[in-house]
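See below for the structure under consideration.
The values are calculated or read from the model by the stated rules, or taken from the named source; none is laboratory data. A quick note: this is a predicted structure, and the numbers were derived from the prediction, not measured. Using ideal geometry, Cβ is built from the backbone for each residue, glycine included, and neighbour counts are taken over all protein chains shown. Surface areas here come from the heavy atoms of the whole protein model, side chains and all, with no ligands, DNA or RNA. Shrake-Rupley method; radii C 1.70, N 1.55, O 1.52, S 1.80 Å.
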Amino acid sequence: MTHIKNVRNVLCYAIGNGGLANLSNLLETRKQQIKGIAVLFLDDFFRTQHDVINQLGIGIADELIFVSTKDEPTTDYVDQIIDELHVRGIESPSAIVGMGGGITMDVAKAVANLLTNGGRAADYQGWDLVKKPGVYKIAIPTISGTGAEATRTCVITNKRTGLKLGMNSDFTVYDQIIMDPTLTATVPRDQFFYTGMDAYIHCVEVLAGSYRNVIGDAYATETINLCRQVFLEGDMMSPVNREKLMAASYVGGCAVATSYVGLVHPLSAGLSVVLGLHHCIANCIAMRGMEDFYPIEFTEFWKMADLQNIAIPRGVCRNLSDEQYEQLYASTVIHEKPLTNALGEGFDKILTKERAMEIFRAM
Ligand code: NAD
Ligand code: ZN
């Protein structure tokens, strides 16, 4: 291909209340086609949600692994899971399930790639380094916004190199998604807003960027429409709005897959790497500095936060050391593709060190 991206989408999806009940059939069908157990990754929140666990149709030989969401995934964490699976003799499962938020869905993607490709997680951080299809995998999002269920990446941090980068590959894309909006009813309100805003911000960045195409624009425009309905009209967590946001997350993920993000994400990545802030809250904090770059959406974002009565942390970059400011800048400008998409080839003439410092201080 030339500079025109060749985009891969998820193979199958099912959306609707109660859709979780489809999982056991899908796993059973898979086991009839291919010998092997299923490995299910489940967000730690569901450890005590027995009514949900009972619906998964987990077989006696299947493996259920709870994923902690205290920290975002690291290469060491993924490697440790692979080592444990090998110790238990689990080499080629018939299916992998990632059920939870972006963290759990990304861990499942990384494990599926490593089981068939071998090696360590850090070997595949980058673009198109995965050589073979991963294990067949199913995503079940339980919080909406990141679009991790739709994208060709799984974001992981290498603590040794400080690199926060995914395994960008067509093989990382899920084979099947089950979108069951009943699952998001228990999400805490603040988190629901922060993660939901990831879909909105992704698409604001896509539409303001220079790498655009008509399909990406169509996905992004509809995602923003859905987000407006969810966050500007009534309770964002009503059943109807939870279903709309689940759709927006998926469609927004498809939009990003056709293009790149913009300025918010590199700044947010800086906050994650240096201050350990999680992705979606870091995006919302970064929005404080975006008035000059995305003026209409800046105003709309704060209106949404106000209407839904959500507090965005303030002052996280006050009183940092010079070294921390240097690290913030370095871990922001490393993201050349989104910065070029947002500001053009000469992005460093616009986002100078001084300008970046001003933005961080304004957060
Ligand atoms: P998360 O996985 O960080 O979870 C956020 C919190 O919500 C956790 O405490 C979790 O336990 C809780 N939670 C999830 N579902 C719940 C439910 N139904 N009820 C109650 N609590 C629930 O969520 P996120 O914000 O979706 O994901 C962020 C991660 O996604 C980051 O690691 C980020 O790097 C990654 N990400 C990936 C992509 C991609 O394309 N792969 C895109 C954007 C972000
Ligand atoms: Zn994002």
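At a glance:
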| item | result |
| --- | --- |
| Helices (runs of 4 or more DSSP H) wholly inside the range 246-363 that include at least 2 residues being more than 15 Å from LEU207 (Cα to Cα), of a type in the set (A, V, I, L, M, F, W, C) and open to solvent by less than 20 Å² (accessible area, probe 1.4 Å) | 264-275, 279-286, 295-307, 353-362 |
| Residue in the range 166-181 that is hydrophobic (A, V, I, L, M, F, W, C), more than 19 Å from VAL256 (Cβ to Cβ) and either within 15 Å of ligand 2 (Cβ to nearest atom) or out of contact with any Phe, Trp or Tyr (no Cβ under 7 Å at 6 or more places or on another chain) (or both) present | yes |
| Filter result (farther than 14 Å from PRO141 by Cα and open to solvent by less than 90 Å² (accessible area, probe 1.4 Å)) within the range 45-55 | GLN49, ILE53, GLN55 |
| Selected residue (criterion: farthest from the chain's Cα centre (by Cα)) from residues of the range 105-116 that are open to solvent by less than 10 Å² (accessible area, probe 1.4 Å) and more than 12 Å from VAL155 (Cβ to Cβ) | LEU114 |
| Qualifying residue in the range 186-208 (condition: in contact with a Phe, Trp or Tyr (Cβ under 9 Å, 6 or more places away or on another chain), in a loop (DSSP other than H, G, I, E, B) and more than 13 Å from ligand 1 (Cβ to nearest atom)) | no |
| Members of the range 242-266 that are aliphatic (A, V, I, L, M), more than 14 Å from the chain's Cα centre (by Cα) and within 12 Å of ligand 2 (Cβ to nearest atom) | VAL264 |
| Per-region count, the range 122-131, residues hydrophobic (A, V, I, L, M, F, W, C), open to solvent by 30 Å² or more (accessible area, probe 1.4 Å) and at pLDDT 95 or above | 2 |
| Among the candidates GLY59, GLY119, GLY36, GLY89, residue that is open to solvent by 50 Å² or more (accessible area, probe 1.4 Å) and assigned to a loop (DSSP other than H, G, I, E, B) | GLY89 |
| Some residue of the range 84-95 being modelled with pLDDT of 95 or more and under 27 Å from GLY252 (Cβ atoms) | yes |
| Any hit, the range 63-73, residues being of a type in the set (Val, Ile, Thr), open to solvent by 10 Å² or more (accessible area, probe 1.4 Å), closer than 23 Å to THR29 by Cβ and assigned to a loop (DSSP other than H, G, I, E, B) | no |
| Close pairs (7 angstrom Cβ cut-off, 6 or more residues apart or separate chains): in contact (Cβ under 8 Å) with a residue 12 or more places away in the chain and under 23 Å from TRP127 (Cα atoms) in the range 324-349, open to solvent by 70 Å² or more (accessible area, probe 1.4 Å) and among the aliphatic types (A, V, I, L, M) anywhere | LEU343/ILE350 |
| Single residue of ASP235, ASP198 found to be out of contact with any Asp or Glu (no Cβ under 6 Å at 6 or more places or on another chain), of a type in the set (D, E, K, R) and open to solvent by 10 Å² or more (accessible area, probe 1.4 Å) | ASP235 |
| Tally, over the range 268-286, of residues that are within 12 Å of ligand 2 (Cβ to nearest atom) and in contact (Cβ under 8 Å) with a residue 40 or more places away in the chain | 9 |
| Positions within the range 146-165 being within 6 Å of ligand 1 (Cβ to nearest atom) and either crowded, with 23+ Cβ neighbours inside 10 Å or assigned to a strand (DSSP E or B) (or both), in sequence order | THR146, GLY147, ALA148, THR151, CYS154, VAL155 |
